[in-house]
1. For the pair B and A, how large is the buried accessible area, both sides, in square angstrom to the nearest 100, if the probe is 1.4 Å?
2. So, R0 is 35 Å and r is the distance between the beta-carbons of residue A:24 and residue B:77; what FRET efficiency does that work out to, to 0.05?
3. Per residue, how large is the accessible surface of the protein assembly as shown? Use a 1.4 angstrom probe and give square angstrom.
4. If you filter the stretch A:1-45 for chymotrypsin sites (Phe, Trp or Tyr not before Pro), then keep DSSP loop positions with at most 10 other Cβ within 10 Å, what is left?
5. What is the local net charge at residue B:36, summed over the other residues whose Cβ is closer than 15 Å to its Cβ (Lys, Arg +1; Asp, Glu -1)?
6. How many angstrom lie between the C-alpha centres of the stretch B:1-40 and the stretch B:70-94?
7. Give, in whole angstrom and from largest to smallest, the semi-axes √(5λ) of the equivalent ellipsoid of the stretch A:3-113, with λ running over the eigenvalues of the Cα gyration tensor.
8. What does the charge count around residue B:104 come to, taking other residues whose C-beta lies under 10 Å from its C-beta (Lys +1, Arg +1, Asp -1, Glu -1)?
Amino acid sequence: EDQVTQSPEALRLQEGESSSLNCSYTVSGLRGLFWYRQDPGKGPEFLFTLYSAGEEKEKERLKATLTKKESFLHITAPKPEDSATYLCAVRPSLTTDSWGKLQFGAGTQVVVTP
Amino acid sequence: DTAVSQTPKYLVTQMGNDKSIKCEQNLGHDTMYWYKQDSKKFLKIMFSYNNKELIINETVPNRFSPKSPDKAHLNLHINSLELGDSAVYFCASSHNAGGPEQYFGPGTRLTVT
């Protein structure tokens, strides 16, 4: 059965204190791993898509990496505005049974204090 | 503004009532989705339509019925509401069914009393 596990559940950082979030997955034929950011009271906002092991994507202070079993979201020198819940999702093989279905993890809630 | 919009944002109702949530996207996307986010923040797919055709229908009580009058609109009707239906419901869209990026609406917080 496809599974996505994110750790830690919550992370409290001082401004400037770099850290990493983990997303481990088991899926039949990965067709993409996705990172989203969700602010309180809002819908998730797309950040990155990774397709193959070794791939990396960057956006401002965020960098996502992918291996065959997990993905990391590195936050470098975070600022208070990086506070949010970060969601990881996987898409299994694109068959008529799964189409564009994403399976989400429970998220990591990040709080960055000044 | 180009976006995915949902109405209403908040919905408080009593058990047994029937309610609807509406979603519209003006991004020109072919595919739309309904997700449910429970109190533990898990986001779970419920339904997906591609060009008005139902392509994803997860194990959801048949009290939930989606309808897509055109590819820019996807509504969710819920009959005989139960306490366990309380959650935040998100609509999303993507360029097509295999599109890598899904755009989410602001959510509808449903509270059943």
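The values are calculated or read from the model by the stated rules, or taken from the named source; none is laboratory data. Everything numeric in this text was worked out from a predicted model, so none of it was measured. Positions of Cβ are generated from backbone atoms using ideal geometry, with glycine treated the same way; all protein chains shown enter the neighbour counts. Please note that ligands, DNA and RNA were not included when accessible areas were found on the heavy atoms of the full protein model with its side chains. Shrake-Rupley method; radii C 1.70, N 1.55, O 1.52, S 1.80 Å.
1. Values: alone 6420 and 6470 Å², together 11250 Å².
Rounded to the nearest hundred, the buried surface is 1600 Å².
2. On the way: r = 37 Å, r/R0 = 1.06.
Taking R0 as 35 Å, the efficiency between residue A:24 and residue B:77 is 0.40.
3. Values: 11250 Å² over 227 residues.
So the protein assembly as shown comes to 50 Å² accessible per residue, rounded to a whole number.
4. Values: sites: A:25, A:34, A:35, A:36; in loops: none.
Listed in order of number, the matching sites amount to none.
5. Working: positive: A:101, B:19, B:40, B:41, B:44, B:63, B:109; negative: B:38, B:58, B:82, B:85.
For residues surrounding residue B:36, the net value is +3.
6. 5
7. Values: eigenvalues 120, 40, 26 Å².
Each semi-axis is √(5λ); the values are 25, 14, 11 Å.
8. Values: positive: A:42; negative: A:45.
Charge balance in the 10 Å sphere: 0.
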